[in-house]
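Structure first, then comments.
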Amino acid sequence: MSEIRLAAEPRNEFGKGAARRARRAGFVPGVVYGHGHAPVHLNLPGHDLMMALKTPNALLVVPIDGKDEFVLPKAVQREAIKRSIEHVDLLLVKRGEKVTVEIPVHTEGELAPGGNLLEQVLNALPIEAEATHLPEAVTVSIEGLEAGASITAGDITLPSGVTLAVEADAVVLQIIGAQAAQVEEEAEEAAEETTEA
């Protein structure tokens, strides 16, 4: 994964008023923590940050005390309606350091004919990898799978240097037969009707 450089500025004003002024000027307030350092407060360029965060586990480079440092997004707070970024927590990482993150699970291929449904039990797979070599996602083939089949975390081929951070027998995907899916849907509808009554 390539690193994304952000022209962050030190943040010396704190509180809601200062955060609002920063956002009006096109910045997003953020804090960098980790490695036993005191938290470092930054204003990050809003548009550049939004574009960078479209990549899961984006490796960012920000200037801290005159030195470029690697950081990973740890928590992103968004405005409820517009979904604009309000604040970001960043984790300081070093080259060679192992970190635990979640990566998206993508599927390819077609299920066996018969109206079966794919249930994605885990949308993201917890993995451990070197901070500067995080995979963006994993792709799993579901080609020809029949009802009752499942794919566990241990079945997924991971890139070199990447290990699972979840039990190998954890179910990631399972195939539900059309009839079972209909029964499940009817049960959910009945539960909703009971709740409304």
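By how many degrees, between 0 and 90 and to the nearest 10, does the Cα long axis of helix 178-196 differ from the longest principal axis of the chain? Relative to the chain, helix 178-196 is tipped by roughly 60 degrees. Distance from the alpha carbon centroid of the range 45-83 to that of the range 99-122 works out to 28 angstrom.
For the range 98-115, the residues whose amide N sits under 18 Å from a probe point set 7 Å from the Cα of SER141 along the beta carbon direction are 106-113. Two numbers describe the Cα atoms of the chain: Rg and Dmax, which are 21.4, 62 Å. Within the chain, antiparallel bridges make up roughly 80 percent of the DSSP beta bridges whose residues both belong there. Close Lys pairs in the chain, defined as Cα atoms under 17 Å apart and 8 or more places apart or on different chains, number 5.
Less than 5 angstrom separates the built amide H of THR152 from those of VAL172, all sequence-distant by 5 or more or on a different chain.
For SER141, the accessible area of its heavy atoms, probed at 1.4 Å with every protein chain present, is near 60 square angstrom. Along the axis of the charge dipole computed for the chain (Cβ charges of +1 for Lys and Arg, -1 for Asp and Glu, origin at the Cα centre), the listed residues GLY36, THR55, ASN123 are led at the positive end by GLY36.
For the chain, the relative contact order comes to 17 percent (Cα pairs under 8 Å, sequence separation of at least 6).
The values are calculated or read from the model by the stated rules, or taken from the named source; none is laboratory data. Just so we're clear, the structure is a prediction, and the values are computed from it rather than from any experiment. For neighbour counting, all protein chains shown are included, and Cβ atoms are generated from backbone atoms with ideal geometry for every residue, glycine included. All accessible areas refer to the heavy atoms of the entire protein, side chains included, with ligands and DNA or RNA removed. Shrake-Rupley method; radii C 1.70, N 1.55, O 1.52, S 1.80 Å.
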